[in-house]
Amino acid sequence: MGLRERLTERVQPLLPGEQVRQVFMAQAGVNPWIGNMFGLVGQSLVKRRIVAVTDQAVVVFGATFNGGKPTEVLRRLPRETQLGPTKGIWSQVNVGDEKTWVHAKFRKDVSAADATVLSS
């Protein structure tokens, strides 16, 4: 089972009545480049997030230290929220008032979520 499937499996029970369309990991707190530069001390300043885009909303979850399991719902945004555009290795995305970054490996998930909004 791939990462996206595991993330979907973990967030779906917290989203009753909603269908997860895209899901990806993100991080908030310090800039990812700074967090990575200072090893474990820098990583302790990073706040892990899981972003689930459903048929009804964009839901941001707090996540465990390694980012793999949701711990709580932090915010719900309207489904019409445009997240990108993304570029570079770390892209800042729009998930509310918290500066949040997404790694390039999740670029296609952000683009797919935005394509749905733009086609509506």
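The values are calculated or read from the model by the stated rules, or taken from the named source; none is laboratory data. All values reported here derive from a predicted model rather than from experimental measurement. Backbone-built Cβ (ideal geometry, glycine too); neighbour counts: all protein chains shown.
Quick look at the values:
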read-out: The range 17-54, subset over 15 Å from the mean Cα position of the chain (by Cα) and at pLDDT 95 or above, residue nearest to Ala112 (Cα to Cα); value: Gln19
read-out: Condition met for Val110 (at pLDDT 90 or above, assigned to a strand (DSSP E or B) and surrounded by 13 or more Cβ atoms within 10 Å (Cβ to Cβ)); value: no
read-out: Qualifying positions in the range 95-107 - surrounded by fewer than 17 Cβ atoms within 10 Å (Cβ to Cβ) and free of Cβ contacts under 8 Å to residues at least 24 places away in the same chain; value: Asp97, Ala104, Lys105
read-out: Residue match in the range 67-76 (condition: at pLDDT below 90 and crowded, with 16+ Cβ neighbours inside 10 Å); value: yes
read-out: Positions within the range 70-91 being touching a residue at least 24 places away in the same chain (Cβ under 8 Å) and either assigned to a strand (DSSP E or B) or within 13 Å of Val23 (Cβ to Cβ) (or both), in sequence order; value: Pro70, Val73, Leu74, Leu83, Trp90
